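Heads up, the thing below is written out as structure tokens.
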Amino acid sequence: MELRQLLVPIAALVTCASTYAATPSFENFVACDASSLAVVSQPALKERVSSQLENGQIKLSGGTKTDLGQRWVFDKPVVVDGISLTGFFAEDVDLMGSRVINWGFYTQQSPDELFAHFQKVTGADLEKTNGIYARAQIWSHKQSAWVSEKGDSTAGKLVTDTAERILMVEPGPGDLAKTSKGMLTCSVQGNVTEAMLKTTRPDLIR
């Protein structure tokens, strides 16, 4: 399983707080499925993450450009389902012949605090790997579906004949304010096909 360690440019963060109870909850987001991006359409997030509907799909816009994609750093944290969100990011790059798609949130909570929170969320199923909490799934061409990935046969490698879908809880990037202690990331990595995107990021189908 490839757990990314990539650098992104500097952005500022002001640390005041606002609170909003959003639906759908983060249970929808952590599924990392076709509906996970819908969380940004909630009122408190929609004000901060620019997006619009195109052909029934959410299309992100604006934000600050980074080496990997875009990020939206919030002027003050937004509390959703008990998690203090300090920003959002979306990335889509090719690395060594593999496509890597990442999207998710920066948080005031540390990885350990996020893990404790998601222990109570059905479907999170996070396990600790090299100091990062993750749930790894691999695409089964036979079943045309994501299935649980067991063992370490792909540990540290980018798969080339299929792809992985990973939910990660990891430390926040070093170039953001220290109040962004954690990241909650959905990632698809490998030989990404249209069938995979239909179940995960249909907005990226070209």
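Numbers for the structure displayed
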| quantity | calculated |
| --- | --- |
| Per-residue ³J(HN,Hα) for region 65-71, Karplus 6.51 cos²θ - 1.76 cosθ + 1.60, θ = phi - 60°, Hz, x for Gly and Pro | 5, 10, 4, 10, x, 9, 9 |
| Accessible area of S35 in the full protein assembly, 1.4 Å probe (Å², nearest 10) | 60 |
| Relative frequency of Cα-Cα separations exceeding 24 Å in region 72-206, percent | 33 |
| Neighbour net charge for D203 - beta-carbon separation under 10 angstrom, K R +1, D E -1 | +1 |
| For R165, net neighbour charge (Lys/Arg +1, Asp/Glu -1) across residues whose Cβ lies under 11 Å away | -1 |
| Neighbour net charge for S84 - beta-carbon separation under 12 angstrom, K R +1, D E -1 | 0 |
| Region 52-128: trypsin sites (Lys or Arg not before Pro) in DSSP coil with no more than 12 other Cβ atoms inside 10 Å | K120 |
| Tensor-based shape of region 47-118 (alpha-carbon gyration tensor, a/c under 1.5 rounded, otherwise prolate or oblate) | oblate |
| Estimated FRET transfer efficiency when R0 is 30 angstrom, pair A145-V79 (beta carbons, to 0.05) | 0.30 |
| Karplus-derived HN-Hα couplings along region 97-102 (A = 6.51, B = -1.76, C = 1.60, θ = phi - 60°), whole Hz, x at Gly and Pro | x, 10, 8, 10, 10, 10 |
| Reach of K46 by Cα under 27 Å, taken over lysines that are not fewer than 8 positions away in the same chain | K59, K65, K76, K120, K178, K181, K198 |
| Size of electric dipole in region 66-122: Cβ of Lys, Arg +1 and of Asp, Glu -1, about Cα centre, debye, nearest 20 | 140 |
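The values are calculated or read from the model by the stated rules, or taken from the named source; none is laboratory data. Please read all numbers here as calculations on a predicted model, not as lab measurements. We place every Cβ from the backbone using ideal geometry, glycine too, and count neighbours over all the protein chains shown. Please note that ligands, DNA and RNA were not included when accessible areas were found on the heavy atoms of the full protein model with its side chains. Shrake-Rupley method; radii C 1.70, N 1.55, O 1.52, S 1.80 Å.
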